[in-house]
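*Asks:* My structure is below; once you've seen it, I'll send some questions.
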């Protein structure tokens, strides 16, 4: 079975490597950033998980980013972590109201959302957010090695959450983790300086530190 998302990632990465190394950026570019620098977010359907990875996008999308603290999902996780609500409040309807799709709300309700969050918070307290590219993971290290916390860069360099890796980012922010690994998803056309290359340009970014380029493997495309 072919994973079309990873096929696109692989093709985009190959094009970047062979033909346009300085005019586009690799679709799985990993950086470190302080969670406090990620203050706004765009909804998942603005730029889907892998569909826009490695793309330079014009438009007003960055100006429409909302404060992360206003997200119903973030507020729900924050209220549970701070004791405002307890596990009995984490009902299916409460999750749906917070914006979880039916399938996710059903899964977390059956599993026990409070139990899930407790395990996650404990793991992040002990280990931070893991980012081992070579292995499958735990709650803080994704089984899908490409599935990192995803961020976009706005026209003025703002680091905007792309709503991928919500639990990991919310937990890191609430626990004041120093830095987290993130995957660059989309960069605004006005910030991107063509010809410099991603590593050179990130040297001038006040918040993001380049870590690595994760090269999509063909073996992952066929599962």
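*Asks:* Quick check on region 47-70: of everything there that is assigned to a loop (DSSP other than H, G, I, E, B) and either free of Cβ contacts under 8 Å to residues at least 40 places away in the same chain or closer than 15 Å to residue 157 by Cα (or both), which residue is nearest to the chain's Cα centre (by Cα)?
*Replies:* Filtering first and then ranking leaves 48.
*Asks:* Strands (runs of 3 or more DSSP E) wholly in region 98-204 with at least 3 residues that are modelled with pLDDT under 95 - which ones?
*Replies:* 180-188
*Asks:* Another question, if that's okay. Exactly one condition in (1) in contact (Cβ under 8 Å) with a residue 60 or more places away in the chain; (2) more than 30 Å from residue 210 (Cβ to Cβ); (3) in contact with a helix residue (DSSP H, G or I) (Cβ under 6 Å, 6 or more places away or on another chain) is false for residue 3; which is it?
*Replies:* The single condition residue 3 does not satisfy is (2).
*Asks:* Sticking with this structure for a sec: Please enumerate the residues belonging to region 193-216 that are over 20 Å from the mean Cα position of the chain (by Cα) and either closer than 22 Å to residue 49 by Cβ or surrounded by fewer than 17 Cβ atoms within 10 Å (Cβ to Cβ) (or both).
*Replies:* 193, 194, 195, 196, 197, 200, 203, 204, listed by residue number.
*Asks:* Which ones in region 33-52 are farther than 25 Å from residue 128 by Cα and crowded, with 22+ Cβ neighbours inside 10 Å?
*Replies:* Correct list: 47 only.
*Asks:* Quick check on my filter: what residues within region 82-97 are in a loop (DSSP other than H, G, I, E, B) and loosely packed, with under 12 Cβ neighbours inside 10 Å?
*Replies:* Answer for region 82-97, where residues must be in a loop (DSSP other than H, G, I, E, B) and loosely packed, with under 12 Cβ neighbours inside 10 Å: 82, 83, 84, 86.
*Asks:* Go over the candidates 78, 12, 8 one by one and state the one that is assigned to a helix (DSSP H, G or I), touching a helix residue (DSSP H, G or I) at 6+ places or on another chain (Cβ under 7 Å) and either over 25 Å from residue 206 (Cα atoms) or modelled with pLDDT of 95 or more (or both).
*Replies:* 78
*Asks:* With the requirement that a residue be under 19 Å from residue 188 (Cβ atoms) and surrounded by fewer than 18 Cβ atoms within 10 Å (Cβ to Cβ), what does region 58-75 give you?
*Replies:* 58, 59, 60, 61, 63, 64, 66, 67
*Asks:* Are there any pairs with C-beta distances below 8 angstrom linking a residue in region 159-182 that is free of Cβ contacts under 8 Å to residues at least 40 places away in the same chain to a residue that is crowded, with 24+ Cβ neighbours inside 10 Å and assigned to a loop (DSSP other than H, G, I, E, B), with the two at least 6 apart or on different chains, and if so which?
*Replies:* Note: pairs meeting the criteria are 165/148.
The values are calculated or read from the model by the stated rules, or taken from the named source; none is laboratory data. The model shown is predicted, which means the values in this text are computed figures rather than measured ones. So basically every Cβ, Gly included, is an ideal-geometry build from the backbone, and we count neighbours across all protein chains shown.
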